[in-house]
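The structure's right below; bear with me while I get my questions together.
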Amino acid sequence: MALPKEPRQKMINLMYLVLTALLALNVSSEILNAFKVVDKSLVTSNDNLNTANNTLYTSLEGKLKDPMTAEKAKPWYDRANQAKKISAEMDAYINDLKSELKKEAGEHEVEVDGQKIMQFKEDDLEAATRLFGNGEKAKNKGPEFKDKLQEFREKMLGIDPSIAKEFATTFPVDDMNTAKIIGQDGKEKSFTDAYFHMTPTVAALTLLSKFQNNVKNAENQVVTYCHNQVGAVKVVYDQFAALVGQSSNYIMPGEEMEITAGVGAYSKAAQPQVSIRGTSSPIGPDGRASYKFNVNGSGSQTVPVSVTYTKPDGTKESKQFEVKYTVGTPGGAAVMPDKMNVFYIGVDNPVTIGSPTGWDKTTVSMTNGAISGQGSSRVVKPANMPGQKAVITVNADKKSSNFEFRLKRIPDPVFKVGSGKVRMPSIEFKSQTSCRAELENFDFELRYSIVSATVYFSGANFPNVRTASITGNSIASLSTYINQCGPGSVITFDNVKVQGPDGQRTIEGKSIALY
């Protein structure tokens, strides 16, 4: 599995976001909220990078244990762990700066709705200046932070000469000894003045999150490079689980029942041994055992199943199951959902109803909903009572049977643009003309359309957060801002409203980071 590299994300554009939007002493709540949106996107991006980095470390560890790649993996495994340590130390240092900054902004504990939370003055223009500046009462953290960033860059590039050669010009953390920061007046500014002088607390915290993002990107680049010197990611199935299935849980006398049993992923390496009803069952080509028999009797029945398999560490493990089913009696009735064992509110739910006595002697009724249709093919329209149960009663030849079904709300669709990923190449995003709301892993063929959404453009190429809106699935109206987007831009779709067969609702939006 190939993992994408993080591109260099420039800090200068985000610096303009701070300096141009916050010249006035009274900072508006809209600007503060905009910084919170950007900070949330950066935190999400950092979490995604952590996940990608952990996958690489796990893969390298596996290659170290594999005799075929151990020798080649050892030096690059050590270099990757060195990068991990350097990155963790820098990340912890920035987290400490965040804590100190909140304290400078008067962080204190308050009680809201019975819960104790920490609050600080988000629009404090002096806190960052006191912490990072070098005045009489300042703590001089700005120059120290700059030196730490330079030290981080030199340590990471110094892990191996080939790493320095590969990333000398594309490393996400700039060379602080040569980088120049030019203000809007065209004059060069110091690191501290450019980023933290008279900067509101919430904006300074966002900047620190951005520096953390650069650190995580740098770690990902170096570790990906180390991993590629050994080979591509190898996904190893390191957990197994016994699985047992049955062809039906309600069956009539004389009909055939089939029970299947095996091991999750059906891995031959697990060497499963299956016993059904005390009899050993052979394993098929797909890694499962199959046992067929004709049922008899009536009422509830149980079949014991035992599965023994070899775990990745070579030890054996056994699991016991009881397959339960019910044998019906002639003259009874059965209800079988066509989709699943629940009814969804707001849509037609098709069901098939069986009656052994003929429909001239059968009646069907329902609670918490309405059922329509004739014969075995019916349609259920549940009441708007999520979490409750609906009961279908089938009266066949004066013998009643009740069947319970859960009532559930259709799950929220997922907002998507293009591939739907939270990280996307800028060229891919700029080619998109529409957005959509998709129901994922849902059995009904339903469509939702976008009604409206608020869109924020921030990060690279946007000195100030830009706000726009859409009505419908088209994003063509955003073309002016979309054309300005580039690597490092963040586009946030918020307050997304959609229309579906069950009415209108608001769903979770999405932040897309471009690279």
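Please state which one of F405, F429 is outside the structural domain of N495 (by TED's automatic domain parsing), surrounded by 16 or more Cβ atoms within 10 Å (Cβ to Cβ) and outside any loop (DSSP other than H, G, I, E, B). Steps first, please.
On the way: F429 fails: outside the structural domain of N495 (by TED's automatic domain parsing).
Going through F405, F429 in turn, the sole match is F405.
Which condition number does K137 fail, the rest of (1) at pLDDT below 85; (2) on the phi > 0 side of the Ramachandran plot being met?
Just one mismatch for K137, condition (2).
What pairs come up if the first residue lies in the stretch 350-365 and is touching a residue at least 40 places away in the same chain (Cβ under 8 Å), the second is assigned to a helix (DSSP H, G or I) and surrounded by fewer than 19 Cβ atoms within 10 Å (Cβ to Cβ), and their beta carbons are under 8 Å apart, counting only those six or more places apart or on different chains?
Listed by first residue and then by second, the contacts come to S355/K361.
In addition: Hey, among the residues in the stretch 374-391 that are part of a strand (DSSP E or B) and modelled with pLDDT under 90, which one's surrounded by the most Cβ atoms within 10 Å (Cβ to Cβ)? Spell out how you get there, then give the answer.
Of the stretch 374-391, the ones part of a strand (DSSP E or B) are 374, 377-382, 389-391.
Still in the running and modelled with pLDDT under 90: 374, 377.
Numbers: Q374: 8, S377: 11.
If we take residues in the stretch 374-391 being part of a strand (DSSP E or B) and modelled with pLDDT under 90, then S377 is surrounded by the most Cβ atoms within 10 Å (Cβ to Cβ).
Conditions tested, residue by residue: (1) modelled with pLDDT under 85; (2) assigned by TED's automatic domain parsing to the domain that holds G142; (3) under 16 Å from F35 (Cα atoms).
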| position | (1), (2), (3) |
| --- | --- |
| F191 | no, yes, no |
| Y195 | yes, yes, yes |
| P200 | no, yes, yes |
| L207 | no, yes, yes |
| Q212 | no, yes, yes |
| K216 | no, yes, no |
| E219 | no, yes, no |
| T224 | no, yes, no |
| V235 | yes, no, no |
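Another question, if that's okay. Would you check which residues across the stretch 272-295 are at pLDDT 70 or above and either small (G, A, S) or not in a strand (DSSP E or B) (or both) and list them?
If the condition is that a residue be at pLDDT 70 or above and either small (G, A, S) or not in a strand (DSSP E or B) (or both), then P272, S275, R277, G278, S280, S281, P282, G284, A289, S290, V295 are the ones that fit.
If I ask for residues that are modelled with pLDDT under 75 and either of a type outside the set (S, T, Y) or in a loop (DSSP other than H, G, I, E, B) (or both), which ones from the stretch 309-323 would you list?
K311, P312, D313, G314, T315
Looking at E440, is it in the same structural domain as D502 (by TED's automatic domain parsing), farther than 23 Å from R505 by Cα and charged (D, E, K, R)? Outline the logic, then answer.
Details: in the same structural domain as D502 (by TED's automatic domain parsing): yes; farther than 23 Å from R505 by Cα: no; charged (D, E, K, R): yes.
No: the conditions fail for E440.
Among the residues of the stretch 98-124, write down those that are among the hydrophobic types (A, V, I, L, M, F, W, C) and crowded, with 20+ Cβ neighbours inside 10 Å.
Taking the stretch 98-124 as the starting set, the residues that turn out to be among the hydrophobic types (A, V, I, L, M, F, W, C) are 101, 105, 110, 112, 117-118, 120.
Hits for the stretch 98-124 are L101, A105.
The values are calculated or read from the model by the stated rules, or taken from the named source; none is laboratory data. All of these numbers come straight from a predicted model, not from anything done at the bench. Don't worry about glycine lacking a Cβ; one is built from the backbone with ideal geometry, like all the others, and counts go over all protein chains shown.
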